[in-house]
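To start, the structure itself, in structure tokens.
The values are calculated or read from the model by the stated rules, or taken from the named source; none is laboratory data. Since we're looking at a predicted model, the values are computed, not measured. Every residue, glycine as well, gets a Cβ built from its backbone with ideal geometry; the counts of neighbours run over all protein chains shown.
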């Protein structure tokens, strides 16, 4: 699109060249595009992912469970290169028909349980092990409210603001202004809430924090879209405080490395099959997100 205005046709048709950076993989149809069996490691939990914010949620969750001494949370993390279309192989689509990372299989159940959508995976693991989610009904409901707030809000951040600000082949003021206004409103929601709470659900760290941090913590610390200065006509001091505290957690630092294929080599663990895999990296060179 090169004109300042666009009149939608009566019937939309797909232009395979449209889509900018993601034109090579985006299509208006679902399903497998190639046959490929997914690798299966030795642990009951098999994760297929990439260290995007949605992927980081799950690897942080798993590392937090292991830090709590829950050995049943040992896992294999297999790399899915979404820019190469590996999320459209038959093996991956069999786990997640929506072809989005992350996706997980739990082979400790019979038959094995498939779980897709990052919030569903967090909730599954929290309920399975009865940790990182409040047991009190009212507090649990509040935690789930923030968990689903993230799932409803982050597409505005990623597919809306992030796409038009960072990835769109052409920059137009209206979509950037529209999504920037909404993202700043979301940051203000978080900042006002965190002014009264250490974590999203009071004093207790939970799956709500694990879900929200990889998106909004990365945004305010300039780790996604390089937009922190653009957004900070006001300083979100409470979000920054919360981000910094979570970023220092050892399990978070480990989790953000898993399935990561960019950044400093010491911050990348392309696949994770055992806790000793982290020993190949220089921990003291890792910069918290």
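Annotation note: Cβ proximity below 7 Å between a residue of region 33-48 that is under 22 Å from residue 59 (Cα atoms) and a residue that is modelled with pLDDT of 95 or more and loosely packed, with under 13 Cβ neighbours inside 10 Å (sequence gap 6+ or interchain) occurs for 44/108. Among the residues of region 108-118, those that are surrounded by fewer than 20 Cβ atoms within 10 Å (Cβ to Cβ) and either within 16 Å of residue 48 (Cβ to Cβ) or in contact with a helix residue (DSSP H, G or I) (Cβ under 9 Å, 6 or more places away or on another chain) (or both) comprise 108, 112, 113, 114, 116, 117. Looking across 116, 92, one residue alone is within 17 Å of the chain's Cα centre (by Cα) and within 22 Å of residue 32 (Cα to Cα). It is 116.
Contact map, region 233-255: first residue farther than 25 Å from residue 182 by Cβ, second residue crowded, with 19+ Cβ neighbours inside 10 Å and at pLDDT 95 or above, Cβ cut-off under 6 Å, separation 6 or more or different chains; pairs are 251/63; 251/64; 252/60; 252/246; 254/63; 255/59; 255/60; 255/63.
Conditions tested, residue by residue: (1) under 24 Å from residue 152 (Cβ atoms); (2) out of contact with any strand residue (DSSP E or B) (no Cβ under 8 Å at 6 or more places or on another chain).
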{"site": "49", "(1), (2)": "yes, no"}
{"site": "52", "(1), (2)": "yes, yes"}
{"site": "55", "(1), (2)": "yes, no"}
{"site": "61", "(1), (2)": "yes, yes"}
{"site": "75", "(1), (2)": "no, no"}
{"site": "78", "(1), (2)": "no, no"}
{"site": "83", "(1), (2)": "no, yes"}
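Restricting attention to region 124-145, the residues being in contact (Cβ under 8 Å) with a residue 24 or more places away in the chain and either surrounded by 21 or more Cβ atoms within 10 Å (Cβ to Cβ) or not in a helix (DSSP H, G or I) (or both) number 7.
Of all positions in region 64-73, at least one carries a residue that is touching a residue at least 24 places away in the same chain (Cβ under 8 Å), touching a strand residue (DSSP E or B) at 6+ places or on another chain (Cβ under 7 Å), crowded, with 18+ Cβ neighbours inside 10 Å and within 26 Å of residue 272 (Cα to Cα). Output the qualifying pairs, or none if there are none: Cβ atoms under 6 angstrom, residues six or more apart or on different chains, first residue in region 269-289 and farther than 14 Å from residue 77 by Cβ, second residue part of a loop (DSSP other than H, G, I, E, B) and at pLDDT 80 or above. Correct list of pairs: 288/248; 289/223; 289/256. Pairs are defined by a Cβ separation below 7 Å, a sequence spacing of at least 6 or placement on different chains, a first member in region 202-220 that is more than 12 Å from residue 157 (Cα to Cα), and a second member that is in a strand (DSSP E or B); the pairs so defined are 205/199; 206/199; 208/201; 209/199. Those helices (runs of 4 or more DSSP H) of region 149-244 in which 3 or more residues are in contact with a helix residue (DSSP H, G or I) (Cβ under 7 Å, 6 or more places away or on another chain) and at pLDDT 95 or above occupy 173-194, 207-212. Hey, among the residues in region 272-287 that are in contact with a helix residue (DSSP H, G or I) (Cβ under 8 Å, 6 or more places away or on another chain), surrounded by 15 or more Cβ atoms within 10 Å (Cβ to Cβ) and not in a helix (DSSP H, G or I), which one's modelled with the lowest pLDDT? Going through the qualifying residues, I end up with 286.
Take the conditions (1) within 17 Å of the chain's Cα centre (by Cα); (2) exposed (fewer than 15 other Cβ atoms within 10 Å of the Cβ); residue 235 misses just one of them, which is (1).
Counting only residues that are touching a helix residue (DSSP H, G or I) at 6+ places or on another chain (Cβ under 6 Å) and assigned to a loop (DSSP other than H, G, I, E, B), which one in region 36-59 is nearest to residue 147 (Cα to Cα)? For region 36-59, the residue satisfying everything is 50.
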